[in-house]
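Here's the structure, in structure tokens; my notes come after.
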Amino acid sequence: MKSATNRPLVSTIKERCRVCYTCVRECPAKAIRIVEGQAEVIPERCIGCGNCVRVCSQHAKQVLSAKEEVAALLAGDGEVAACLAPSFPAEFADVEVETLVAMVRALGFDYVNEVGFGADLVADRYKRLVGNSDNKRYIATTCPAIVGYVEKYHPNLVSSLAPIVSPMVAAARFLRRLYGEGLKVVFVGPCIAKKGEASSMTLPDELDEALTFVELREMFAERGIKPESAVRSDFDEPRAGLGAIFPVSRGMLQAANINEDLLAGQVVAADGRSNFVEAIKEFEAGDLDAKLLEVLCCNGCIMGAGMSTDAPLFGRRSRVSHYVRKRQAASDTAKWRKDVESFADLDLNRRFAANDQRMSRPYEDEVAFILAKMGKFWPEDELNCGACGYDTCREHAVAIYKGLAESEMCLPYTIDQLKRTVKELAVSNDQLASTQAALMQSEKLASMGQLAAGIAHEVNNPLGVVLMYSHLLLDECKSDSRTREDLTMIAEQADRCKKIVAGLLHFARQNKVVLQPTDIKDIVKRTLKASSIPESITVTLDQDDKDTVTELDRDQMIQVMSNLISNAVAAMPDGGSLTIRTSSDEENVKVSVIDTGIGIARENMAKIFEPFFTTKQMGKGTGLGLAVTYGIVKMHRGEIEVESNADAAAGPTGTTFTVTLPRQGGEAHSITKEPERGDDTIG
């Protein structure tokens with residue numbers, strides 16, 4: 001088994017790992033590292049307890065297999081013995097003992113023995129250890145996972161480990177005395193940690209290989225060995241006595257006839273993932289003043305991760321107890337005692353070596369920093385929900401510091417991150433929808449521009465002829481002629497058509513803006529001076545003292561301001577207040593045209609920048625003013641925004657158009673965004 005020293009006892013099949021952190025929670029050694037959401041067993045920290053294998057519902061944990069190595073041993077020239085752990089009755093409840101032994105022999109083993117007899121020898125050594133008069137305290141070493149845990153995480157207690165081999169090693173030693181040092185020995189049992197013990201450098205050449213019961217069943221299936229075809233055979237001698245009860249919790253104490261007297265407190269027994277950890281901590285702290293601490297990593301070896309049965313704990317205990325009672329009733333006690341005495345001088349001592357895997361703990365401020373990154377700033381933020389696999393948020397933070405965990409393992413933190421991502425996606429979705437709408441608006445404007453250009457060129461020439469001849473006829477017509485009134489109507493309507501065509505040409509033009517440094521304040525003043533504003537409207541000019549010079553096309557921006565001001569005036573037929581406000585910062589210049597008019601109806605907000613849309617009466621507007629305004633602003637790489645209220649019950653009515661222009665205009669820009677609001681008094 002020495003060849004497997006550097007191979008991990010347990011590895012993760014990444015394709016099956018579902019990031020549930022159950023293995024992290026169940027690992028007493030915290031030998032599971034999460035890397036990019038995948039659980040990874042750290043070989044040097046692993047004690048082989050198999051808890052991660054047992055609790056993984058996705059079967060993502062893979063145990064180191066020794067089937068090929070055992071097959072090679074069986075195919076060799078030397079004799080090979082199989083040692084069955086005393087927990088076999090719990091695993092093979094469906095097979096009689098003699099049939100099971102025959103099936104093992106059918107694989108090619110020369111001898112099939114019970115590890116239970118090795119347990120008998122070990123129990124005798126523990127009885128002597130507890131009975132001696134020294135005051136030294138010991139930790140039982142029958143469980144290899146416990147030995148590994150002490151060596152790696154409590155190296156100060158290595159000297160307290162009972163210097164007695166496990167029943168598995170004891171079996172290998174008495175078998176080699178019986179059959180010679182050249183005998184190959186294969187252990188078969190419920191424990192993954194036995195594979196690590198067999199390859200331990202402190203036990204040179206004791207065991208050749210170690211199989212789990214799961215692997216033994218697989219070998220039976222691969223070789224086609226079935227119970228019905230096996231010729232019944234019993235174990236080779238020597239047979240097990242009460243050592244066969246070892247796999248049950250406190251079985252070693254009963255086999256050694258050691259009483260766990262609660263009053264005397266000489267012996268303390270504990271088992272299970274959390275209990276053994278706490279027991280060892282208290283033993284090290286001196287809170288357990290006991291001669292012997294007998295601890296098992298599992299709830300007895302019958303619950304080892306190398307078993308395939310799904311029977312419950314007490315069902316397994318019952319099967320082992322039933323087998324032992326049956327064997328005891330039929331055994332030759334005198335013969336068993338003689339066998340035990342014959343190995344009284346067998347060396348069952350062993351040594352241990354510290355393999356410190358402890359990591360330094362971070363300082364408190366480092367833990368606080370890690371917790372803060374996960375949104376845990378105060379003690380009440382530490383929910384200690386355990387979803388990450390650690391009992392507390394602080395333990396999780398320490399594991400992150402040690403490189404064993406990730407922040408994303410925290411469920412509340414991940415949920416908050418997910419909510420934030422959803423919000424960001426919602427914003428991105430809104431922006432995408434806005435961009436799509438702007439693209440559709442751009443396509444509309446481009447199509448309408450082409451149509452408008454065609455109409456303007458086709459209508460302009462005949463319209464000029466109509467205007468010319470209508471004015472000629474007016475000049476020749478007498479002032480008191482009845483025909484003059486009709487001619488005047490013709491001239492007025494033709495002139496109106498001319499204005500519509502002029503608007504179409506402005507809308508359809510494709511020339512780029514001519515950018516020059518211009519003070520927006522001057523444009524506002526000039527536009528106001530040229531505008532016809534009724535006396536019933538109060539005009540307020542609110543201009544800050546900051547520099548409002550920016551690069552723009554002067555003539556086109558005058559047209560923008562003229563359109564906005566004329567719309568504001570038209571929205572206040574009964575008078576009101578018109579405010580024009582300019583402001584600026586380092587990057588942009590803003591102009592706001594604010595009126596106290598009738599406001600914009602909500603249903604018209606999305607339509608106001610569409611060509612030919614107007615809420616004015618027939619003959620009062622073309623519906624091109626804001627479409628042209630929008631196009632000019634966009635060509636200046638600017639934005640135009642609208643806020644309006646048409647419901648008097650909701651507050652004062654009125655509309656505010658805000659044009660934002662960049663100080664550095666750059667090149668002419670295509671229309672990229674559809675504004676959301678506008679003025680329903682479109683000209």
What do you reckon, is Phe213 surrounded by 24 or more Cβ atoms within 10 Å (Cβ to Cβ) and of a type in the set (Phe, Trp, Tyr)?
no
Could you give every pair whose Cβ atoms fall below 9 Å, whose first residue belongs to segment 548-569 and is within 25 Å of Ile600 (Cα to Cα), and whose second residue is assigned to a strand (DSSP E or B) and polar (S, T, N, Q), counting only separations of at least 6 or pairs across chains?
Met557/Thr518; Asn567/Thr655; Ala568/Thr655
Is it the case, given these coordinates, that Ile598 is assigned to a loop (DSSP other than H, G, I, E, B), more than 21 Å from Gly631 (Cα to Cα) and among the β-branched types (Val, Ile, Thr)?
yes
Just give me the residues in segment 216-243 being buried (at least 20 other Cβ atoms within 10 Å of the Cβ) and touching a Ser or Thr at 6+ places or on another chain (Cβ under 6 Å), in sequence order.
Ala230
Search segment 251-285 for residues being modelled with pLDDT under 90 and out of contact with any helix residue (DSSP H, G or I) (no Cβ under 9 Å at 6 or more places or on another chain), and hand back the single one that is surrounded by the fewest Cβ atoms within 10 Å (Cβ to Cβ).
Leu263
With the checklist (1) part of a loop (DSSP other than H, G, I, E, B); (2) charged (D, E, K, R); (3) not assigned by TED's automatic domain parsing to the domain that holds Ile192 in hand, flag the one item Asp94 doesn't pass.
(3)
Residues that are in contact (Cβ under 8 Å) with a residue 40 or more places away in the chain and part of a helix (DSSP H, G or I), drawn from segment 282-296:
Phe283, Glu284
Ala119 being surrounded by fewer than 19 Cβ atoms within 10 Å (Cβ to Cβ), in the same structural domain as Lys335 (by TED's automatic domain parsing) and among the aliphatic types (A, V, I, L, M)
no
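Residue by residue, here is whether (1) of a type in the set (Lys, Arg); (2) under 30 Å from Leu203 (Cβ atoms); (3) modelled with pLDDT of 95 or more; (4) not assigned by TED's automatic domain parsing to the domain that holds Ala244 holds:
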{"position": "Ala334", "(1), (2), (3), (4)": "no, no, no, no"}
{"position": "Leu348", "(1), (2), (3), (4)": "no, yes, yes, yes"}
{"position": "Lys376", "(1), (2), (3), (4)": "yes, no, no, yes"}
{"position": "Pro379", "(1), (2), (3), (4)": "no, no, no, yes"}
{"position": "Leu383", "(1), (2), (3), (4)": "no, no, no, yes"}
{"position": "Gly386", "(1), (2), (3), (4)": "no, no, no, yes"}
Pair list, Cβ under 8 Å, 6 or more apart: segment 478-490 residue under 20 Å from Gly464 (Cα atoms), other residue among the small types (Gly, Ala, Ser)
Leu487/Ser470; Ile490/Ser470
Answer residue from segment 553-594, given it is part of a loop (DSSP other than H, G, I, E, B) and of a type in the set (Gly, Ala, Ser) and is nearest to Ile523 (Cα to Cα) among those:
Ala571
Only residues that are in contact (Cβ under 8 Å) with a residue 60 or more places away in the chain, assigned to a helix (DSSP H, G or I) and within 20 Å of Glu260 (Cα to Cα): list them for segment 122-161, please.
Val122, Ala123, Asp124, Arg125, Tyr126, Lys127, Leu129, Val130, Ile146, Ser160
Checked Arg319, Arg337, Arg325, Arg361 against criteria (surrounded by 14 or more Cβ atoms within 10 Å (Cβ to Cβ) and either of a type outside the set (Ser, Thr, Tyr) or within 37 Å of the chain's Cα centre (by Cα) (or both)); the one match is Arg319
Does any residue in segment 192-209 that is under 11 Å from Val165 (Cβ atoms) and not assigned by TED's automatic domain parsing to the domain that holds Cys46 come within less than 6 Å, Cβ to Cβ, of a residue that is part of a loop (DSSP other than H, G, I, E, B) and at pLDDT 90 or above six or more places away or on a different chain, and which pairs are these?
Thr202/Arg351; Thr202/Ala353
Residue check, Thr548 surrounded by 15 or more Cβ atoms within 10 Å (Cβ to Cβ), over 18 Å from Gly599 (Cβ atoms), at pLDDT below 90 and β-branched (Val, Ile, Thr):
yes
Answer yes or no: is there a residue in segment 408-418 that is aliphatic (A, V, I, L, M), over 20 Å from Lys30 (Cα atoms) and either part of a helix (DSSP H, G or I) or free of Cβ contacts under 8 Å to residues at least 40 places away in the same chain (or both).
yes
Return the only residue of Ala397, Ala405 being touching a residue at least 40 places away in the same chain (Cβ under 8 Å) and surrounded by 17 or more Cβ atoms within 10 Å (Cβ to Cβ).
Ala405
Would you check if there is a residue in segment 377-387 being touching a residue at least 40 places away in the same chain (Cβ under 8 Å) and surrounded by 13 or more Cβ atoms within 10 Å (Cβ to Cβ)?
yes
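The values are calculated or read from the model by the stated rules, or taken from the named source; none is laboratory data. As the structure is a prediction and not an experimental result, all values here were calculated from the model. Cβ: placed from backbone, ideal geometry, glycine included. Neighbour counts: every protein chain shown.
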